[in-house]
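First up is the structure itself, then whatever we jot down about it.
What follows is calculated from the coordinates using simple rules that are stated; it is not laboratory data. Just so we're clear, the structure is a prediction, and the values are computed from it rather than from any experiment. Cβ: placed from backbone, ideal geometry, glycine included. Neighbour counts: every protein chain shown.
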2 protein chains.
Amino acid sequence: MKIGQVATKSGLPAKTIRYYESIGLIDPAGRTSAGYRAYEDKDIQTLRFIQRARSLGFSINEVSALLTLWNDRNRASAQVKELAKRHVEEMDRKITELQSMKSTLSDLIDKCQGDHRPDCPIIDNFAKKKL
Amino acid sequence: MKIGQVATKSGLPAKTIRYYESIGLIDPAGRTSAGYRAYEDKDIQTLRFIQRARSLGFSINEVSALLTLWNDRNRASAQVKELAKRHVEEMDRKITELQSMKSTLSDLIDKCQGDHRPDCPIIDNFAKKKL
DNA sequence: CTTGACCTTCCAGTAACTGTAAGCTCCATA
DNA sequence: TATGGAGCTTACAGTTACTGGAAGGTCAAG
């Protein structure tokens, strides 16, 4: 199977698959006599795994660790769970931060007339001297 | 005033101030005879403005637009409000996405025993053939 | 006159791709 | 057989917003 078909089946752009190979996230694919990358079904499984993990926000490094665990028959599920928990914590931090920023900005937006005049509580807030 | 003091007063690392100058977000600072950047109080105001806007998640480009609006006596507050609203929408999108990812992953975590055995619903989910 | 704290510039690295260019290969049709 | 287009190849640049580090200049204190 060539990369285009693998891209379709895995949900990842061909470009991205090559990129993953270039950074060592996946093993280099075999090649046809013409130099085209040749894939098998198990490669698609791996790429789908990666795609799922990435879609849940895991970093490439984390995905790499997850791939290792996936292939480790002696893994402890505790290791996977721990990795996942840490990721959820990280997402929680980001959610909290975003909500805080959104809240502050929304308050300012509510106070802004939003008309043709220059007076603007948003600008004023950014420009004010001290907290 | 030299860059170190400005860094302290503005809440931005000296390195970042130089970076902002290099990309044209702020005007090049004056120089002392020794070649050191020389700042005035109004520069600190500008940098604090930038710091505030950045801390609310606005991109450098958006901050640049906000700076222009700040210095535009003929601005309409509607312009500022619109920019801010779009940014809130963007944050909302991110929050929703993060919450969705978190929710999915949390469900999987709850199902995982987290012990010494390899069986793991998280890995299983990532590895499963089809949705 | 020598530290040490600051300052300077420039280059590289980060995360995870994406875009673009120049150039093969393969298959089908005229 | 020639040609055209789809799909493949590599390599390099660009994105975002900095941050780290190296090599070297400046200034005030001791």
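Quick notes on this one:
- Test: residue in region B:67-80 that is within 16 Å of DNA strand D (Cβ to nearest atom) and either in a loop (DSSP other than H, G, I, E, B) or of a type in the set (K, R) (or both): no
- Hits in region A:2-16 (condition: closer than 14 Å to A:Q45 by Cα, more than 8 Å from DNA strand D (Cβ to nearest atom) and of a type outside the set (S, T, Y)): A:K9, A:G11, A:L12
- Selected residue (criterion: surrounded by the most Cβ atoms within 10 Å (Cβ to Cβ)) from residues of region A:60-86 that are more than 7 Å from chain B (Cβ to nearest Cβ) and touching an Asp or Glu at 6+ places or on another chain (Cβ under 9 Å): A:Q79
- Residue count, region A:109-124 (criterion: assigned to a helix (DSSP H, G or I) and facing chain B (nearest Cβ under 7 Å)): 3
- The set of residues in region B:35-59 that are under 16 Å from the mean Cα position of the chain (by Cα) and within 11 Å of chain A (Cβ to nearest Cβ) comprises B:R48, B:F49, B:I50, B:Q51, B:R52, B:A53, B:R54, B:S55, B:L56, B:G57, B:F58.
- One residue from B:M1, B:M101 being facing another protein chain (nearest Cβ under 8 Å), surrounded by fewer than 19 Cβ atoms within 10 Å (Cβ to Cβ) and among the aliphatic types (A, V, I, L, M): B:M101
- All of B:S55, B:S59, B:S64, B:S77 fail the test of being within 16 Å of DNA strand C (Cβ to nearest atom) and closer than 26 Å to A:D115 by Cα, apart from B:S59.
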